[in-house]
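Enquirer: First the structure, then my questions, so here it is.
Every number here is computed from the coordinates shown, using simple stated rules; none is lab data. Just so it is clear, the model here is predicted, and its values are computed rather than measured. With ideal geometry, Cβ positions are generated from the backbone for all residues, glycine too; neighbour counts draw on all protein chains shown.
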Amino acid sequence: MLQSAAIKRQKRTLMNFQNTFLIPLINKAMWRKIQFDVDRYPVSDYKFVPYSTMGIMAKELEMTQMVQMLQTIPQDSPAFDVILLALFQNSSIHNRDQIVNALMQGNEPNPQQEEMQQMGMQLEMQQLQANVQKTLAEAKEEEAKAIKWQSEAMNDQPNELKIQEKILKLQKDSASVQKTIADIEHMRSETARNIPEVEHLKSETILNLAKAREAGTKSVINTIQ
């Protein structure tokens with residue numbers, strides 16, 4: 001779009017050159033070849049239309065698209081070299097063939113580099129296998145630990161007989177506690193029932209002491225007289 005004006009002017013010049021010189025030259029050359037090569041070209045009314053492989057507008061558009069694709073594709077991608085090669089093949093610079101040959105030689109596989117890559121891939125595969133084996137060994141170890149802990153938990157878990165014995169013992173202890181509480185309540189009731197009698201005995205004792213003192217005083221008086 002930025003070069004549309006220049007492309008239109010160039011296209012007009014190319015069309016004039018093509019219509020006034022190139023196409024008449026090709027037609028006359030073809031007619032002379034037909035004229036002097038009768039065995040290959042029998043007498044007939046031949047009509048053909050010469051045309052170019054790619055117009056300047058299409059070439060410019062294709063170059064722009066390939067440049068945009070190069071900007072979006074990473075350089076380590078295989079498609080980057082292919083698009084770059086096509087970009088130079090479609091260009092019109094004077095040393096295009098040298099650049100294309102250099103790119104093609106650069107894309108040719110290097111045996112030493114391929115061998116190094118294969119060795120690196122083998123080392124990575126061995127490392128991955130070692131990691132997998134280590135993970136499997138750790139998983140088996142954890143499984144063995146889990147089985148061991150489960151067996152220990154089963155051994156430590158009380159069986160039904162022991163549970164029944166503990167329940168019976170708790171019931172006996174509860175019965176003895178209930179009996180002790182009942183005895184305490186009985187003793188309390190007996191004590192509460194005996195308190196009036198004790199008070200009555202105390203009052204009688206005090207009365208008897210008073211009578212005894214009174215009798216003792218009277219006997220002393222009588223003796224003095």
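Enquirer: Placing unit charges on C-beta atoms (Lys and Arg positive, Asp and Glu negative, everything else neutral), compute the dipole magnitude of region 56-109 about its Cα centre in debye, rounded to 20.
Expert: Values: 2 positive and 6 negative charges, 28 e Å.
Roughly 140 debye, rounded to the nearest 20.
Enquirer: Here's something else I'd like to know. In whole Hz and in residue order, list the ³J(HN,Hα) couplings for region 61-78 that follow from phi through the Karplus curve 6.51 cos²θ - 1.76 cosθ + 1.60, θ = phi - 60°; x for Gly and Pro.
Expert: For region 61-78, the Karplus-derived couplings read 5, 5, 4, 5, 5, 5, 5, 5, 5, 5, 6, 9, 8, x, 5, 7, 7, x Hz, x marking Gly and Pro.
Enquirer: If you plug each phi of region 92-104 into the Karplus form 6.51 cos²θ - 1.76 cosθ + 1.60 with θ = phi - 60°, what whole-Hz ³J(HN,Hα) values come out, in order, with x for Gly and Pro?
Expert: Once rounded to whole Hz, the list reads 10, 6, 6, 9, 5, 5, 5, 5, 5, 5, 5, 5, 5.
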